[in-house]
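First up is the structure itself, then whatever we jot down about it.
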Amino acid sequence: MSNDIKDFAIATLGSHTALQILKGAKEEGIKAIAICTKETRRPYDSFDVADEIIEIDSFENFFEIEKILMEKNAIVIPHGSFVSYLGPQKINDNLKAMHYGSKGILIWESDRSMERVWLQDAGLNLPRIYQTPEEIDGPVIIKFHGAKGGFGYFIAHSPAEFHERIKSFKDPDDYVIQEYIVGVPMYVHYFQSALTGELEIMSFDKRYESNADSIGRIAAKDQLDAGIQTSYTITGNIPIVVRESMLPMFFKIGEDVVAASKKLEGAPKGLYGPFCLEGIIDPNLNFRVFEISARIVAGTNPYTNGSPYTWLKYNEPMSTGRRVAREIKTAIQSGRLQDILG
Ligand code: ATP
């Protein structure tokens, strides 16, 4: 295999975090390919981040152009939309193009109960799961599986309240009852290098969700009068710099999650590349983690020019997309490409 980055390309679907992934590839001198539909290509043309745009009818038809990507020696970068449109199982079973990151890990992170086994094994502080509504003895959040944007999630405080509210749902089987954590949401973005073994903290964000982030703009009485149902539809991401004394804890839990990933079946190399721990910080500064994303997250998008943390480490603009491209470049040049493909 060639050691020349000119013989390779980086490709991803034009959505989610593609702008920074493509820009990062270009900055590192690697050809950047965006796969877009007619309807979605406008930003990628306008921001001029791609060396080439391949158009397809719909993102689900990705496999139709896979051969073209393979001929170009393209390394595909999975992001939230990529995993959501193709599905982790199809990526694992059918994707033949070079893929950055562990495919097996995508299966672990996409299943709520598998993910919990992994995070528990890593020793993380997870919200309690209630097996039956009768156990409810404090605030809980009821999450429906596959509820896009947390639509329909509701809060209850007692078995009676749960039974009353669940009545309005047609197919109320596929849900989980989770302890509701009162605190502030925090999303930590990491990068685990498969080449050096080092874990890096890239940045932090919180989400800007509709309508959850606007309910506080009206009085409690008006909220009740209007019969508002809370939803968590993501509209954007807001950067955060954390209290510095919390950084050792964030490094530790990131490293623990990586260490625990090495034991996961079907993912021999474990977790590497960008990933994110999503949780709530309570007033006692406990970080209660409710989810992991084992790929680049949209919360890194405010940092196309780097974050305060990447500035400290790199002294040059370093987005997470660019960090991925740099890892790929280093791997190619040192003949270690196989170490970062999954
Ligand atoms: P994703 O797209 O990452 O799967 P989602 O839309 O399924 O997300 P969740 O991550 O489940 O939604 O969370 C939706 C909202 O609920 C977020 O604002 C999150 O902070 C909040 N939330 C989730 N779990 C808890 C919890 N246990 N306690 C308090 N708030 C929570």
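The values are calculated or read from the model by the stated rules, or taken from the named source; none is laboratory data. A quick note: this is a predicted structure, and the numbers were derived from the prediction, not measured. Please note: Cβ atoms are built from the backbone with ideal geometry, for glycine as well, and neighbour counts cover all protein chains shown.
Assigned to a helix (DSSP H, G or I), touching a strand residue (DSSP E or B) at 6+ places or on another chain (Cβ under 6 Å) and at pLDDT 90 or above: is that true of E109 in this structure? Can you show your working first?
Details: assigned to a helix (DSSP H, G or I): yes; touching a strand residue (DSSP E or B) at 6+ places or on another chain (Cβ under 6 Å): yes; at pLDDT 90 or above: yes.
The answer is yes for E109.
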Selection from region 217-245 of residues within 29 Å of K103 (Cα to Cα), within 16 Å of the ligand (Cβ to nearest atom) and not aliphatic (A, V, I, L, M) yields Y232, T233, T235, G236, N237
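Name the residues in region 191-218 that are small (G, A, S) and either modelled with pLDDT of 95 or more or closer than 21 Å to F287 by Cβ (or both), would you?
S193, A194, G197, S203, A212
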Please tell me if S158 is away from the ligand (no atom under 15 Å from the Cβ), more than 16 Å from the chain's Cα centre (by Cα) and without any contact (Cβ under 8 Å) to a residue 24 or more places away in the chain. yes
Selection within region 60-86 - more than 20 Å from Q338 (Cα to Cα) and without any contact (Cβ under 8 Å) to a residue 60 or more places away in the chain: E60, N61, F62, F63, E64, I65, I68, S84, L86
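Any residue at all in region 131-145 that is of a type in the set (F, W, Y), surrounded by 14 or more Cβ atoms within 10 Å (Cβ to Cβ) and in a helix (DSSP H, G or I)? Please lay out each step first, then the result.
If we filter region 131-145 for residues that are of a type in the set (F, W, Y), which is where we start, we get 144.
Checking which are surrounded by 14 or more Cβ atoms within 10 Å (Cβ to Cβ) leaves us with 144.
If we keep only those that are in a helix (DSSP H, G or I) too, we end up with none.
Within region 131-145, not a single residue is of a type in the set (F, W, Y), surrounded by 14 or more Cβ atoms within 10 Å (Cβ to Cβ) and in a helix (DSSP H, G or I).
Each row is one residue, and each column tells you yes or no for (1) within 16 Å of the ligand (Cβ to nearest atom); (2) aromatic (F, W, Y).
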| site | (1), (2) |
| --- | --- |
| L247 | no, no |
| F250 | no, yes |
| I253 | no, no |
| D256 | no, no |
| S261 | no, no |
| G273 | no, no |
| C276 | yes, no |
| P283 | yes, no |
Which number in (1) in a helix (DSSP H, G or I); (2) touching a residue at least 12 places away in the same chain (Cβ under 8 Å); (3) within 16 Å of the ligand (Cβ to nearest atom); (4) over 25 Å from A212 (Cα atoms) marks the one condition that Q89 misses? (3)
Just one of the numbered conditions (1) crowded, with 19+ Cβ neighbours inside 10 Å; (2) away from the ligand (no atom under 16 Å from the Cβ) is not true of K67; which one? (1)
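Collect the residues in region 169-192 that are more than 28 Å from G236 (Cβ to Cβ) and buried (at least 18 other Cβ atoms within 10 Å of the Cβ), keeping them in residue-number order. Spell out the reasoning first.
Looking only at region 169-192, we keep the residues that are more than 28 Å from G236 (Cβ to Cβ), and these are 169-174, 177.
Hit for region 169-192 is I177, nothing else.
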Applying the selection to region 297-332, what residues are closer than 13 Å to L19 by Cα and part of a loop (DSSP other than H, G, I, E, B)? V297, T304, N305, S319
Within region 131-155, the residues that are free of Cβ contacts under 8 Å to residues at least 40 places away in the same chain and hydrophobic (A, V, I, L, M, F, W, C) are I141, I142, F144, A147
Hey, does region 63-85 have a residue that's within 21 Å of P302 (Cβ to Cβ), acidic (D, E) and either at pLDDT 95 or above or not in a helix (DSSP H, G or I) (or both)? no
If we keep only residues of region 285-320 that are within 22 Å of L13 (Cα to Cα) and of a type in the set (S, T, N, Q), then the residue farthest from the ligand (Cβ to nearest atom) is N305
For the structure I just gave you, tell me whether K26 is in a helix (DSSP H, G or I), surrounded by 14 or more Cβ atoms within 10 Å (Cβ to Cβ) and more than 16 Å from the ligand (Cβ to nearest atom). yes
Filter result (within 16 Å of the ligand (Cβ to nearest atom), assigned to a loop (DSSP other than H, G, I, E, B) and surrounded by 14 or more Cβ atoms within 10 Å (Cβ to Cβ)) within region 193-216: A212, D213
For V49, work out the one condition from (1) more than 18 Å from N301 (Cα to Cα); (2) in contact with a Leu (Cβ under 7 Å, 6 or more places away or on another chain) it doesn't fulfil. (1)
